[in-house]
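Here's the structure we're looking at; comments come further down.
Nothing in this text is a laboratory measurement; each read-out follows from the coordinates by a stated rule. In this text, all values refer to a predicted model and were calculated from it rather than measured experimentally. Note that we place each Cβ from the backbone using ideal geometry, even for glycine, and neighbour counts take in every protein chain shown.
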Amino acid sequence: MHLLHVVGARPNFMKVAPVIRAFRERSDVEQTLVHTGQHYDPNLSDIFFEQLEIPRPDISLEVGSGSHARQTAEIMIRFEEKVLERQPDWVMVYGDINSTVAAALVAAKLGIKVAHVEAGLRSFDRTMPEELNRLVTDQLSDLLLTSSPEAEVNLAKEGVSGEKVQFVGNVMIDTVRYLVDKAQMPDIPGLSGEYALLTMHRPSNVDVPETLLRILTALRDISEKLPIVFPIHPRTKARIAALGGDVPEAPHLIVVDPVGYVESLALQKHAKLVMTDSGGLQEETTALGIPCLTIRENTERPITVTEGTNTLIGTDMDLLRTEVDKILTGNGKAGRIPDNWDGRAAERIVNVMASVSRHI
């Protein structure tokens with residue numbers, strides 16, 4: 001069996017790494033790793049691949065940035081050539097980025113089977129490009145590998161046959177468990193004692209000046225009670241700079257350059273709480289048992305709210321202040337780790353793929 005894995009951004013590597021490692025145990029499986037280059041990331045260094053214990057991609061398409069249409073089209077053009085050349089039995093796609101839907105479209109039209117890892121997640125917000133990518137990818141996929149029970153419910157409502165769906169658990173948590181004990185705290189000048197971790201990059205939070213100012217004002221107030229470490233996304237940095245003199249002074253908001261994945265894990269592990277608009281951090285904090293306050297109106301990972309440590313805040317900054325105070329007084333959300341978030345999701349994927357392939 002020849003598997004062709006497709007990734008396009010750093011979070012995809014955290015999802016594909018445990019799957020590649022698990023399939024290495026099978027001598028009857030050939031694997032090819034394709035990186036579309038959808039996102040340029042200087043953190044994809046040799047040490048990154050050494051930590052994940054996976055090789056550098058076999059194929060790099062080097063697509064780069066662009067509008068959603070242009071980028072998706074360019075991935076399809078370049079990817080089709082490689083698929084025709086390699087003739088895999090399965091194309092495995094991960095998550096919800098443009099590379100995911102582009103690869104699924106190419107494979108489906110060529111009659112090659114598609115397996116979607118992290119299928120069935122829904123925010124029910126079609127203004128998010130990722131939501132459209134999820135919907136299309138899941139309709140095209142022959143095997144839908146889900147990370148939480150509500151994903152199966154979502155797929156059933158959309159008419160996806162239950163025979164195609166397998167609940168395997170969360171491969172991101174495989175990587176968290178694999179790396180967390182190796183995670184070293186980055187050197188952050190001025191940081192000592194307890195802190196909160198902040199990440200923020202979504203357009204709904206940073207592209208509207210009034211919203212961004214309200215958030216920054218709340219963060220200034222919170223940082224007076226608990227210092228905040230803020231690895232700043234380039235998009236967010238540019239939007240804050242555009243505000244000029246309107247940005248409230250916040251000496252205890254410690255802004256640092258973006259950090260690598262392992263450093264991010266260490267910052268989460270040791271934080272008193274995390275504030276974010278990232279999907280991945282909602283999952284990782286639940287796995288680590290760290291309170292998470294999500295600055296979004298919705299989430300495609302509701303199990304982190306219903307069972308985990310996550311609380312949806314929206315852009316209600318009074319609620320953000322209140323929830324921070326609860327955590328600081330010991331009354332924050334405890335949560336539990338969801339079923340099959342045990343570090344063995346990749347093993348279950350191997351077993352499912354082996355079983356499905358025998359029956360084709």
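Overall form of region 182-328: rounded. Here a/c, set by the Cα gyration tensor axes a ≥ b ≥ c, is under 1.5.
Just to verify a number: FRET efficiency for residue 185 and residue 238, C-beta to C-beta distance, R0 = 45 Å, to 0.05?
0.95
Holding the Cα-Cα limit at 24 Å, pick out from 82/164; 182/225; 15/157; 82/113; 15/82 the pairs that are longer than that.
Values: 82/164 26 Å; 182/225 30 Å; 15/157 26 Å; 82/113 15 Å; 15/82 22 Å.
Exceeds cut-off: 82/164; 182/225; 15/157.
The calculated FRET efficiency for residue 217 paired with residue 326, based on their beta-carbon distance and R0 = 22 Å, is about 0.65.
What ranking, highest mean first, results for peptides 165-174, 221-230 when packing means the other Cβ atoms within 10 Å averaged over each residue? Display every interim value, and only then the final one.
Details: 165-174: 23.6, 221-230: 19.0.
Top to bottom by mean Cβ count within 10 Å: 165-174, 221-230.
Computed from the Cβ-Cβ distance with R0 of 25 Å, the FRET efficiency linking residue 125 to residue 70 stands at 0.60.
The distance linking region 82-105 with region 242-256 is 42 Å (Cα centroid to Cα centroid, whole angstrom). Ordering 244-253, 286-295 by mean Cβ neighbour count within 10 Å, with the highest value first, yields 286-295, 244-253.
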